[in-house]
Each structure stands twice: as C-alpha cells, then as structure tokens.
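A.B. asks: This is the structure, below, for whatever I ask next.
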Amino acid sequence: MKILFAASEADPFIKTGGLGDVAGALPRALASEGQDIRVILPLYEDIPFKYREKMVFLGATDVWLGWRRQYAGALCLKQDGVTYYFVDNEYYFKRRGIYGFYDDGERFAFFAKAVLELMSVTGFYPDVLHVNDWQSALAPLMLDVFYRDRSEYANIRTMLTIHNIEFQGNMDKFVIGDVFGLPESHAKIAEYKGDANMLKAGIESADKVVTVSPTYAKEILDPYFAYGLEHILQERQYKLSGILNGIDTVKYDPLKDKALFQNYSAKSLARRKKNKAGLQTLIGLPQCDKPLIGMVTRLTSQKGIDLLLHVIEDILVMDLQLVILGTGDWKYENALQELAARYPKKLAAIISFSADLASKIYAGSDIFLMPSKYEPCGLSQLIAMRYGSVPVVRETGGLKDTVIPYNPTDGTGTGFTFKTYNAYDMLDAVRRAVATYENGEEWKKIMSNAMSADPSWDKSARDYIEVYKSILNK
Ligand code: ADP
C-alpha cells in the first residue's frame, strides 16, 4: 500500500509534543510491516543542519492560496526505511519556532495544499493520504475541491488522526475564501459556529477519522471533552474509532538508556535503586527509601495540576517525596516553586524541559502521578511503566486504556486509578499506592506487571493498516 503521512512535526527532525512522537514512530513501524510509507512535513528553519545537509532537492511548483501564488519546493531524505519529503517555502517556514505566529492559519493552509500539489513533483500519488491534527486537516477537503478531476488524484482515500481535539485551527471566517480559496459551494464545510475551523473541515471530508485511544474516541462525543465539536462528531460516529499510540521501545529502554545512573531490566530490578539514589542527590532531596513520586508533564490544566495543588500539602504530610519536572503556565510554575522552597526535603520542582532528567525520573521514581483532566492517549504513563515506575492515573482517554487497576486479591494490574476529576479521589489513589509500596513483595509484583505490558507500535501499526484497507475497499 502507498501511504502519504502528512504532519506538522516528526521526530527526530522537529518535535514539540505527542504528534511529533507519533509521526516519528508510526511510519517506521508501518515501513517494517512492508508498507510504502512516506512522510511530508514543512522545512522549518529549526530542523538541524545535520539533516538539512543530507536532503536532496526534487523540484518545485506553485501553490495557489486564494489570490496568492506561492513557491513550494520539495526536498527528500531517506532514513530508517521511510522516505521524508520536506516542503520548502521560506516566507512561511524560515522562522525560529514552529507554531504561534499571527498567520498560522495561512501557513498551514499552504502546507495542506502543498502536500497535494507536490505530488506532481515527487511523483508519489498515494492510495491513502493520512493527515494529522488541524495543521494538515484541510488537505482532504482541498483534494475534493481542487484535485479530484485529475486522474492521478481521483482515487486517493483520506484519513485524519486527531491527537488533541482542543486545537482546531480556528480563525476569522474571512480566510475561508481569501486564503483557503474555497468556493461558496464548499465554504460551509470549513466553517463552524461563525469561524473558520480547519479540524472540522477534516472531520467532515476524510473517509475515516481516528483518535489516539478507543476511550478518547468515545469521550469526544461528549461536550465535556469535545471543545465544541461534539455535534459534528456525533453525526459522523460511523467513521470514528480509536487506535492506541505506542512508544519507541528502542529509545525508551531502561537497559540501554544512556541518561540513567544504572541500566536495568525487569530481571534486574535491584539495580534500579542506584537510579533513585542518584536522582535524589541530583535534585537535592535526602537519600532514603521512602516512596518517591515523580511527574514529568506540561504544567497546564489538562494535566490535572489543579488537583495536585489542591491537596499537595495532604500529600506532603505523608512519609514520601515528590519530584515534578515541567514547564507551562506561569501560575503553576510559581506555585510549585514556592511550595518546593517551603518543603525542601520533600518536594523538588524543576521548571525546565530536559529529556535527560525526564529519563532519570522515570527510572528513579517509585510512583508516577498523572491525574489528567483529559488525555487523548498519553505517552508518559507508558514510558513510566516500561521503566518500572508504577502509575497513578485518572481513568480518562488513553490512561484508562493502558493502566489496569491493581487488584490485591489476585495480584493483577499495572497501577492505581481513580475515576472522578476530584482532588480527594486522587489523594485516595495516592494513599493506596503509598500503602501498597510498604509491602515490598506486593510492590515488586506490580512493577513487573507494569514492565511486562507491551507498549510497542507493532500492534497499533497493524491496526492502522486494517483501517487503511477498510477505506480502500469502500
Ligand atoms: P502531551 O503530548 O500531552 O504533553 P504525553 O504524555 O503524550 O503528553 O507526552 C509527553 C512527552 O513529553 C513525554 O515523552 C514526556 O516525557 C515529555 N515531557 C513532558 N514534559 C517534559 C519536560 N519538562 N522535560 C522533558 N520531557 C518532557
């Protein structure tokens, strides 16, 4: 099968979050399943030179956006069995940073159209065009409106993955005609509640819509989770489903991870101790065997930081330690730093983004706390489990699908969970985890259950292939 995977970021070239992880790992997994998979993304200024210097120029064309005529070049790089195409346009992409500009709507409308137009330059006309999130979500609609009458494009099927429905590419309605160039007959498809909405255009136009966990696929039918799009999704439930993300099990491997003080596996758990001691010293907490709770997270309301702050003093009176690594809203950053100054022996708050320290926390903490308000899939709990840090999570989205509540009667389960978005329910789950930690043998059992869960991409890649096949056979 020929698949073109369009995304606004992809590891290892450029990444700001979960989408970048998925766009890095899923294509590699699809390639090892024997698919002809190619990835297309913008050629940002921030893509490191070591990749840029290896790219080969394939050709260029013009892309029309309303009345604008813009240059689009295609560069190519082959890596790990996957062909990557980079869309070159210096006016839109030669800037520091990748999102957050006043003209993001125009930049990504250009990207979506260039994905289609550049097929004539690369010569790669896919069976399935797989777009991701709002930044490429306009492509299925543009395909229908501007390209279907060309024979090479006539049979391309389309699929949209929603990684987080909060971000929809909302803009003033004016852009629908002026920038997207859509005729009156199709303008309504890109409009929602009086604004332009790029994600909604994708949901309406794609043959299939997938989210990154089965539970999130159900949750986004509900106004609490859907950020206003519940009606659109309810009407299109017939083409909506969920496929769990995996993690890169080569990159996230406690036996190989160079950031750790001591490498270990499920068979050599005793070695893990050195990681706890090393972490405690590094972050300025006293070395001891009390339970150490870790968090590696964006500091935003999505991640349940409000719940944490509501009961943090109840947590800190327990005989334990807490380390939080994160960046985000200044109000959370300040509150955590202030608390860390008040409880220097119990709480360490590191306001920074550090993959190295993140690994050390996954390997050195006993418990991993992730009380998200909503969580499309979540990668952190999967990494934590692989490193033997037992997750305490709220039962939402991918957290519900990946963490099995511990059952003391039969010793099954991989973590501790709570249902309602309520600080005291979270506190109760933390207390249950801490009490269980006291029983060393029981705790080891949960750790090995968590570490033996399979978070690899293999199964998910096969699930994606089934979906591709289903839309091709329509
Ligand atoms: P989201 O994409 O919503 O932020 P995920 O759990 O899906 O949440 O993915 C988060 C990823 O980013 C994980 O790999 C996590 O380790 C990493 N991460 C989050 N915050 C930090 C940080 N401050 N430093 C290093 N890595 C971080």
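The values are calculated or read from the model by the stated rules, or taken from the named source; none is laboratory data. Treat the numbers as computed from the prediction; the structure is a model and nothing was measured. Quick reminder, even Gly has a Cβ in these numbers, built from the backbone with ideal geometry, and neighbours come from all protein chains shown. Heads up: the accessible areas ignore ligands, DNA and RNA and are worked out on the full protein's heavy atoms, side chains in. Shrake-Rupley method; radii C 1.70, N 1.55, O 1.52, S 1.80 Å.
A.B. asks: On the basis of being open to solvent by less than 10 Å² (accessible area, probe 1.4 Å), at pLDDT 95 or above and among the polar types (S, T, N, Q), does Q337 make the cut?
C.D. replies: Criteria not met by Q337.
A.B. asks: Can you give me the ranges of the strands (runs of 3 or more DSSP E) entirely in the range 102-216 with at least 3 residues that are touching a helix residue (DSSP H, G or I) at 6+ places or on another chain (Cβ under 7 Å) and within 30 Å of L399 (Cα to Cα)?
C.D. replies: Passing ranges, in order: 128-132, 157-162, 208-211.
A.B. asks: Of everything in the range 392-406, what is in a strand (DSSP E or B) and more than 18 Å from the chain's Cα centre (by Cα)? Give them in sequence order. Before the answer, list the steps.
C.D. replies: Here is the first cut: in the range 392-406, the residues in a strand (DSSP E or B) are 392-394, 405.
Correct list: V392, P405.
A.B. asks: Select from the range 300-347 the residues that are β-branched (V, I, T) and in contact (Cβ under 8 Å) with a residue 24 or more places away in the chain and write down the one among them that is nearest to the ligand (Cβ to nearest atom).
C.D. replies: Here is the first cut: in the range 300-347, the residues β-branched (V, I, T) are 300, 305, 311-312, 315, 317, 323-324, 327.
Okay, now just the ones that are also in contact (Cβ under 8 Å) with a residue 24 or more places away in the chain, so 300, 305, 311-312, 315, 323-324, 327.
Working: T300: 8, I305: 12, V311: 22, I312: 18, I315: 20, V323: 12, I324: 9, T327: 5 Å.
My answer is T327.
A.B. asks: Looking at the range 269-299, which of its residues are open to solvent by 50 Å² or more (accessible area, probe 1.4 Å), more than 16 Å from the ligand (Cβ to nearest atom) and part of a helix (DSSP H, G or I)?
C.D. replies: A270, R271, K273, K274, T281, listed by residue number.
A.B. asks: While we're on this one: Could you look through the range 126-153, keep only residues that are within 20 Å of A25 (Cβ to Cβ) and open to solvent by 10 Å² or more (accessible area, probe 1.4 Å), and pick out the one that is farthest from the chain's Cα centre (by Cα)?
C.D. replies: Kept after step one, since they are within 20 Å of A25 (Cβ to Cβ), are these residues of the range 126-153: 126, 128-133, 135-136.
Checking the rest, the ones that are also open to solvent by 10 Å² or more (accessible area, probe 1.4 Å) come to 133, 135.
Details: D133: 11, Q135: 14 Å.
Only one residue tops the list, namely Q135.
A.B. asks: Name the residues in the range 217-268 that are closer than 13 Å to Y387 by Cβ, among the hydrophobic types (A, V, I, L, M, F, W, C) and loosely packed, with under 14 Cβ neighbours inside 10 Å, would you?
C.D. replies: Within the range 217-268, L255 is the sole residue that qualifies.
A.B. asks: Still on this model: Looking only at the range 447-474, which residues are under 17 Å from T158 (Cα atoms) and free of Cβ contacts under 8 Å to residues at least 60 places away in the same chain?
C.D. replies: Correct list: E466, N473.
A.B. asks: Separate question: Right, V434: touching a strand residue (DSSP E or B) at 6+ places or on another chain (Cβ under 7 Å) and either touching a residue at least 24 places away in the same chain (Cβ under 8 Å) or not in a helix (DSSP H, G or I) (or both) or not?
C.D. replies: Numbers: touching a strand residue (DSSP E or B) at 6+ places or on another chain (Cβ under 7 Å): no; either touching a residue at least 24 places away in the same chain (Cβ under 8 Å) or not in a helix (DSSP H, G or I) (or both): yes.
When the stated conditions are applied, V434 does not pass them.
Here's the yes/no breakdown for (1) within 12 Å of the ligand (Cβ to nearest atom); (2) in contact with a Phe, Trp or Tyr (Cβ under 6 Å, 6 or more places away or on another chain); (3) open to solvent by less than 10 Å² (accessible area, probe 1.4 Å); (4) at pLDDT 95 or above:
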| position | (1), (2), (3), (4) |
| --- | --- |
| P376 | yes, yes, yes, yes |
| A384 | yes, yes, yes, yes |
| Y387 | yes, yes, yes, yes |
| T396 | no, yes, yes, yes |
| T420 | no, no, no, yes |
| L427 | no, no, yes, yes |
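A.B. asks: From the set of residues in the range 348-367 that are more than 10 Å from the ligand (Cβ to nearest atom) and touching a strand residue (DSSP E or B) at 6+ places or on another chain (Cβ under 6 Å), which is nearest to R298 (Cα to Cα)? Working first, answer last.
C.D. replies: First, pick out the residues of the range 348-367 that are more than 10 Å from the ligand (Cβ to nearest atom): 348-349, 360, 363-367.
So of that shortlist, the ones also touching a strand residue (DSSP E or B) at 6+ places or on another chain (Cβ under 6 Å) come out as 348-349, 365-367.
Values: A348: 16, A349: 13, S365: 18, D366: 20, I367: 18 Å.
By that ranking, first place goes to A349.
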